[in-house]
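Beneath this line is the structure, given in structure tokens, with notes to follow.
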Amino acid sequence: MAEPTDEEIAVRVQRGDDQAFGDLMRRYERKITRFGRKFLSVDEDIEDMVQEIFVKAFTNIQSFDPRQRFSPWIYRIAHNHFVDALKEKGREPISFFDLDVFLPHIVARETPDGHVDREELKRMLDLSLNELGPKYREPLILHYFEDFGYKEISDILRIPVSTVGVRLQRGRTMMRRILEKAGQTK
Amino acid sequence: MSIEEKEKSTADKVLASIAEGRVKRLSGRYFKLRTALKAAGAVVAALVLLHLVGVIHSTLYRNGLIYAPQFGLHGWLAFFGGLPFVIIALSTIFIVILLMYLKRHRLVYRRPLLYSTVVLVLVTLVVGHMISRTGFHARLLHHAAGAPVLGRFYRHYLEHRANNMHRGVVTEKNDGGFVMKNDGGEILTVSFGSETHFPDGDKFETGDEIFVFGKRDGDTVRAFGVHKIDN
């Protein structure tokens with residue numbers, strides 16, 4: 001028998017099956033923890049944060065629309081929580097108004113990365129993530145480590161799809177410059 | 001502790017909190033109510049915005065400033081100089097409020113915010129113009145002028161006079177101009193020159209309602225432009 005989808009489990013939780021929420025947590029804990037560690041560049045407190053994220057997800061589970069995918073929904077909760085954590089620590093504040101989001105961009109359509117390029121990019125990301133600002137770090141993590149497409153990243157970050165493409169492009173360029181400076185690129 | 005044990009404990013901690021009632025899910029009714037309240041707030045903001053645009057529209061037609069751009073560079077300068085900036089600023093605030101509400105929807109946030117802003121401004125201008133042309137705002141301004149708190153605000157825009165715009169009726173024709181009686185009952189002599197613009201033609205009859213754009217010197221006005229008011 002096929003495993004139930006995240007959305008099917010979420011509907012069961014909405015109908016009162018609290019234990020089913022445990023299945024969702026087990027599916028997402030590693031992913032959310034990895035996302036948090038890379039986005040915040042910290043190891044400590046991350047388990048507490050992940051726990052708080054799941055508590056928020058359960059509390060607000062009735063706001064989840066089962067016609068949509070569950071994954072961007074819970075990542076959106078995680079994004080909001082991690083951004084609040086950044087703001088509380090006074091680290092790398094994210095601006096209220098961003099021209100990137102307001103203006104249109106001409107960006108190449110999303111195309112599948114070659115296997116070799118993707119793995120190389122992930123390696124480069126791991127080396128340079130700390131040097132990148134959250135604005136560029138987060139889309140890179142969501143795309144290369146969490147395997148989200150442009151539209152899903154748009155849903156998580158609530159930014160235009162074209163802005164996702166622009167930030168990925170700029171992020172990759174910045175990352176290469178950082179690594180060239182450090183003598184890390186091939 | 002292994003990763004599996006660590007993971008198990010996180011899920012178990014949350015499930016234990018749920019079982020003990022320390023963590024509860026918010027009801028579906030709560031979210032429906034919240035959605036309804038936000039939508040109601042957006043509707044109110046939209047109505048206030050349309051109202052403000054209607055006040056701007058009525059004011060510009062009432063004081064004739066809307067016709068000023070027809071009279072060349074002087075007209076454009078008078079137009080921008082005479083705009084009701086306070087209401088425009090208030091309208092901008094409500095546009096921002098509406099955008100903040102609309103930005104939560106996929107249809108809006110997936111595209112650059114500029115598109116939604118342009119659509120919102122255009123829709124507001126068109127609908128505000130359509131409502132104002134019914135005369136609703138002109139009547140509303142008259143009624144509201146007597147209101148205890150907002151009356152002063154409305155009276156200001158009802159009585160708002162644009163610099164160098166003179167509204168009145170032609171009482172007598174003469175060579176090189178005409179004599180008019182303005183809104184305030186004053187008799188003004190209007191003279192034309194080579195620089196005078198006539199968007200509706202230069203034939204005027206006694207009784208014609210007109211806007212004259214020009215600098216006043218005593219009881220004479222040297223016209224930069226004359227616009228006939230349609231009934």
Fill in the blank from the handout: In order over region A:119-130: 3J(HN,Hα) from phi, Karplus 6.51/-1.76/1.60, θ = phi - 60°, whole Hz, x for each Gly or Pro, gives 5, 5, 5, 4, 4, 5, 4, 4, 7, 10, 3, 4
Exercise for the section: For A:LYS181, list the aspartates and glutamates whose Cα falls under 13 Å from its own Cα; do not include residues on the same chain fewer than 8 positions away. Expected result: A:GLU131
Exercise for the section: For region B:79-135, list log₁₀ I(q)/I(0) at each q in 0.17, 0.28 Å⁻¹, using the Debye formula over Cα point scatterers of equal strength and ignoring solvent, two decimals each. Expected result: -0.67, -1.14
Handout entry: Selection from B:VAL23, A:SER71, A:PHE145 lying farthest towards where the dipole of the protein assembly as shown points positive, charges on Cβ
Key = B:VAL23
Fill in the blank from the handout: Under Stokes-Einstein, region B:178-231 at 10 °C and 1.306 mPa s, with its Kirkwood radius over C-alpha pairs, diffuses with a coefficient in µm²/s of 139 µm²/s
Exercise for the section: Would you grab the residues whose amide H sits under 5 Å from the one on B:ARG216? Only those 5+ places off in sequence or on another chain, please, with H modelled 1.01 Å from N. Expected result: none
Exercise for the section: Would you mind estimating how fast chain B diffuses translationally, via Stokes-Einstein at 20 °C and 1.002 mPa s with the Kirkwood radius over Cα pairs, in µm²/s? Expected result: 98 µm²/s
Problem - Under 15 Å from the Cα of B:LYS32 - aspartates and glutamates, other chains or at least 8 residues apart - result: A:ASP65
Practice task
Starting from the Cα of B:LEU26, step 7 Å toward the Cβ, then list every residue of region A:47-65 with an amide N under 13 Å from that point.
Solution key: A:56-64
Practice task
Return the long-range amide H neighbours of A:PHE148 (sequence gap of 5 or more, or a different chain), with a cut-off of under 5 Å between placed amide H atoms.
Solution key: A:HIS143
Practice task
Subtracting the Cα-Cα distance from 0.36 nm times the residue separation, let me have the gained length for B:TRP76 to B:LEU99 in nm, one decimal.
Solution key: 5.3 nm
Practice task
Give a residue-ordered list of calculated ³J(HN,Hα) values for region A:161-178 (Karplus: 6.51 cos²θ - 1.76 cosθ + 1.60, θ = phi - 60°; whole Hz; x for Gly, Pro).
Solution key: 4, 5, 5, 4, x, 5, 5, 5, 4, 5, x, 5, 5, 4, 4, 5, 5, 4
Problem - Average beta carbon contacts from partner chains per residue of B:35-46, 10 Å cutoff - result: 0
Handout entry: Residues B:PHE71, A:PHE35, sorted so that the one with the fewest Cβ neighbours within 10 Å comes first
Key = A:PHE35, B:PHE71
Handout entry: Most to least packed among B:81-89, B:219-227 [average Cβ atoms within 10 Å]
Key = B:219-227, B:81-89
Exercise for the section: Ignore the peptide's own chain and count Cβ atoms of other chains within 10 Å of each Cβ in B:16-27; give me the average, rounded. Expected result: 4
Exercise for the section: Calculate the tail of P(r) for chain A: the fraction of all Cα-Cα distances greater than 22 Å, expressed in %. Expected result: 50 percent
Handout entry: Whole-Hz ³J(HN,Hα) from phi, Karplus 6.51 cos²θ - 1.76 cosθ + 1.60, for region A:9-23, glycine and proline x
Key = 5, 4, 5, 4, 5, 4, 8, x, 7, 5, 4, 4, 4, x, 4
Handout entry: Over chain B: helical MRE at 222 nm, DSSP H runs n ≥ 4 each giving -39500 (n - 2.57), nearest 500
Key = -17500 deg cm²/dmol
Practice task
With r as the distance between the Cβ atoms of B:ASP200 and B:ARG222 and R0 = 25 Å, compute the FRET efficiency 1/(1 + (r/R0)^6) and round to 0.05.
Solution key: 0.85
Handout entry: Shielding of B:109-118 by partner chains, average beta-carbon count, 10 Å
Key = 6
Practice task
Taking just the C-alpha trace of region B:116-231, give me its Rg and Dmax in Å.
Solution key: 17.5, 53
Problem - Within a Gaussian network of chain B (alpha carbon springs, distance under 10 Å), most fluctuating of B:HIS129, B:HIS105, B:HIS197 - result: B:HIS105
Fill in the blank from the handout: Given backbone amide H placed at 1.01 Å from N, residues whose amide H is under 5 Å from that of B:GLY225, ignoring those fewer than 5 places away on the same chain, are B:HIS197, B:PHE213
Completion exercise
Expressed in µm² per second, the diffusion coefficient of region B:1-117 from the Stokes-Einstein equation, with Rh the Kirkwood radius over alpha carbon pairs, at 25 °C and 0.890 mPa s, is 128 µm²/s
Completion exercise
Given a Förster distance of 51 Å, the FRET efficiency implied by the Cβ-Cβ spacing of B:ILE187 and B:LEU107, rounded to the nearest 0.05, works out to 0.30
Practice task
Compute the projected area of the convex hull of the Cα atoms of the protein assembly as shown, averaged over all viewing directions, and report it in nm² to one decimal place.
Solution key: 31.3 nm²
Fill in the blank from the handout: Across B:ALA42, B:ALA11, B:ALA162, the residue with the highest GNM fluctuation in chain B (Cα network, 10 Å cutoff) is B:ALA11
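Throughout, read-outs are computed from the coordinates displayed, never taken from laboratory work. Here the structure is a predicted model, which means the values were calculated and not measured. Heads up, the Cβs are rebuilt from the backbone with ideal geometry, glycines too, and the neighbour counts pull from every protein chain shown.
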